[in-house]
Amino acid sequence: MESPIKVLVDEQSAFERLDNFVCAEFPEYSRSKIQKFIKEELIRLNGKKAKVATVLKEGDEVLFYKPPEKIIIEPQNIELDIRYEDEDMLVVNKPKNMLTHPTSSEKKDTLVNALLYKFGDNLSHINGDMRPGIVHRLDRNTSGLLMIAKNDEAHILLAEKIKQKTAKRNYLAVVTGNLEFDEKTINAPIWRNFSNPAQMTVIEGGKPSVTHVKVLERFKGYTYIELELETGRTHQIRVHLKHIGHPIVGDSLYGGGRINVKTTEQVLQAYRLTFNRLSDNIITTITLEPDDDIKRVLNYLRSKRL
């Protein structure tokens, strides 16, 4: 049996069920498949067989022995928009309508396929064959900045910077309605919506999730905002904004509705990334101009004022 992927349970994930925890860590697998892996002992807890509903505690070590069938991810000559690069890492601008990494059902045209073509084996392997180099993710239809690790040591350090909040991720979005505040911190736990597995939801007992919101510009029926992530849960921004009654324009999954402008799903962009360079610890900030969806929506809304 090959060496397992090891994932440590932190304080925020304590008291979760084993299957829930693994589903969140490896979203490329369905819940039923994860439960099957646990029963077949391909997923173990602290080196021992465990039950699907075993409750985890801080410091537990989850071992995932990937199934023997190897999934081949083909390199593809897809243009990369690289905004920063050094010997340890790079920052790329992921376009909309692109998956960050392959899944069991989609193995082509992802950011990982493009990274493999340009960098080959010079990517971290901590997250397994499906996610080489990937330190954090963006949804398919969220554009913007991602940090990519070129080696395992860099991956560990970058992940720790995100965990310790020394790496900052800022987003732009246009939401429905007029926010009742200028600045707000949304602190609401998130977990999978069991009545609709495609969605996440705010739920008691979910993973702690914190998003900071700041109003940039107001319009009749819409608000342009900046957001900063303190945690990085799946769909966190989209779920939190729906939770406060202001879903993102164009977000069909979370009820954002359409606007009289052509957009590619949710009007959301990871536009700024701040981190300490690994080589010399110098603070570095990469900033993008608003993407095409945001520009079109803002131009439309500003024109309505004239």
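Which numbered condition in (1) under 23 Å from Arg277 (Cβ atoms); (2) part of a helix (DSSP H, G or I) is the only one that Thr166 fails?
Checking Thr166 against (1) under 23 Å from Arg277 (Cβ atoms); (2) part of a helix (DSSP H, G or I), the one that fails is (2).
Which residues, counting only those in segment 287-299, are surrounded by 16 or more Cβ atoms within 10 Å (Cβ to Cβ) and outside any loop (DSSP other than H, G, I, E, B)?
Those that are surrounded by 16 or more Cβ atoms within 10 Å (Cβ to Cβ) and outside any loop (DSSP other than H, G, I, E, B): Asp293, Ile294, Arg296, Val297, Leu298.
Go over the candidates Glu230, Glu204 one by one and state the one that is open to solvent by 50 Å² or more (accessible area, probe 1.4 Å), within 22 Å of Asp10 (Cα to Cα) and in contact with a His (Cβ under 8 Å, 6 or more places away or on another chain).
The conditions single out Glu230.
Would you pick out the residues in segment 101-119 that are open to solvent by less than 40 Å² (accessible area, probe 1.4 Å) and modelled with pLDDT under 95?
Hits for segment 101-119 are His101, Pro102, Thr103.
Can you give me the number of residues within segment 151-170 that are over 19 Å from Ile283 (Cα atoms) and buried (at least 16 other Cβ atoms within 10 Å of the Cβ)?
Count: 1.
Given the criteria more than 14 Å from Leu18 (Cβ to Cβ) and part of a loop (DSSP other than H, G, I, E, B), does Lys57 qualify?
no
Would you point out the residue of segment 62-100, among those that are under 16 Å from Leu138 (Cα atoms) and part of a loop (DSSP other than H, G, I, E, B), that is most open to solvent (accessible area, probe 1.4 Å)?
In this case the residue turns out to be Asn97.
Which one of the conditions (1) more than 18 Å from Leu146 (Cβ to Cβ); (2) of a type in the set (D, E, K, R); (3) open to solvent by 10 Å² or more (accessible area, probe 1.4 Å) does Asp251 fail to meet, given that it meets all the rest?
Unmet for Asp251, out of (1) more than 18 Å from Leu146 (Cβ to Cβ); (2) of a type in the set (D, E, K, R); (3) open to solvent by 10 Å² or more (accessible area, probe 1.4 Å): (3).
Could we say that Asp129 is out of contact with any Leu (no Cβ under 9 Å at 6 or more places or on another chain), closer than 15 Å to Glu74 by Cα, touching a residue at least 40 places away in the same chain (Cβ under 8 Å) and open to solvent by 60 Å² or more (accessible area, probe 1.4 Å) here?
The answer is yes for Asp129.
Look through Thr166, Thr185, Thr103, Thr142 and report the one residue that is touching a strand residue (DSSP E or B) at 6+ places or on another chain (Cβ under 8 Å) and under 30 Å from Pro67 (Cβ atoms).
Thr142
Scan segment 262-274 and give yes if some residue there is β-branched (Val, Ile, Thr), touching a Gly at 6+ places or on another chain (Cβ under 7 Å), in contact (Cβ under 8 Å) with a residue 12 or more places away in the chain and open to solvent by 10 Å² or more (accessible area, probe 1.4 Å), otherwise no.
Yes, segment 262-274 contains at least one residue that is β-branched (Val, Ile, Thr), touching a Gly at 6+ places or on another chain (Cβ under 7 Å), in contact (Cβ under 8 Å) with a residue 12 or more places away in the chain and open to solvent by 10 Å² or more (accessible area, probe 1.4 Å).
If I ask for residues that are part of a loop (DSSP other than H, G, I, E, B), closer than 22 Å to Arg137 by Cβ and open to solvent by less than 30 Å² (accessible area, probe 1.4 Å), which ones from segment 1-37 would you list?
Across segment 1-37, the qualifying residues are Val9, Glu16, Phe26, Glu28.
The values are calculated or read from the model by the stated rules, or taken from the named source; none is laboratory data. Predicted model, so just to flag it, every value in this text is computed and none were measured. Heads up, the Cβs are rebuilt from the backbone with ideal geometry, glycines too, and the neighbour counts pull from every protein chain shown. In case anyone asks, the SASA skips ligands and DNA or RNA and just uses the protein heavy atoms, side chains included. Shrake-Rupley method; radii C 1.70, N 1.55, O 1.52, S 1.80 Å.
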